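Contents: one structure, followed by commentary.
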Amino acid sequence: NVTHIENTADAIEQILGQPVIIYTADWYWDAYCKKPLPTKRKIWAVDWPTHTLVSRPKLPTTGGWVEDDVVCWQKFGDLTRPGWNAKIDINVAKAAFLKLVTPPPQGPERVTISVLKTTAIDLKGALA
């Protein structure tokens, strides 16, 4: 739920000293989270199943995000390309994204985040 996401984002920010970007799709956030986070955060929007050439991603209607909050957009997914032996995603990033992902001047050399569940449905249960 949103409280668990907020607490996790706060903990990660405390460790890294960097703002957390929320990576989500409109269909997922609207179905499982259903409300905005208490703290305004940037979004890495996932909007690719349609493979259309639109100029902006579809945002969750319940997340409280606006177009200016989008710093990265996963525009296409599961594509095959010559020279790649696996499916790839295509993402579009705004210049603001690069400012957010620059490593801090001093910080941990290594941070490990373990994912306990591998699917969105299982992850939702793990966070409940």
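The values are calculated or read from the model by the stated rules, or taken from the named source; none is laboratory data. Not measured: the values here are computed from a predicted model. Neighbour counts are summed over all protein chains in view; Cβ atoms, including those assigned to glycine, are modelled from backbone coordinates with ideal geometry.
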(message) Just to check your reading of the model, which residue among LEU79, LEU59 is in contact with a helix residue (DSSP H, G or I) (Cβ under 8 Å, 6 or more places away or on another chain) and aliphatic (A, V, I, L, M)?
(response) LEU59
(message) Looking at region 1-17 only, could you name the residues that are touching a Pro at 6+ places or on another chain (Cβ under 7 Å) and either aromatic (Phe, Trp, Tyr) or part of a loop (DSSP other than H, G, I, E, B) (or both)?
(response) GLY17
(request) Considering (1) within 22 Å of GLN74 (Cα to Cα); (2) surrounded by 13 or more Cβ atoms within 10 Å (Cβ to Cβ); (3) modelled with pLDDT under 90, say which one TRP29 fails and leave the rest. (result) (3)
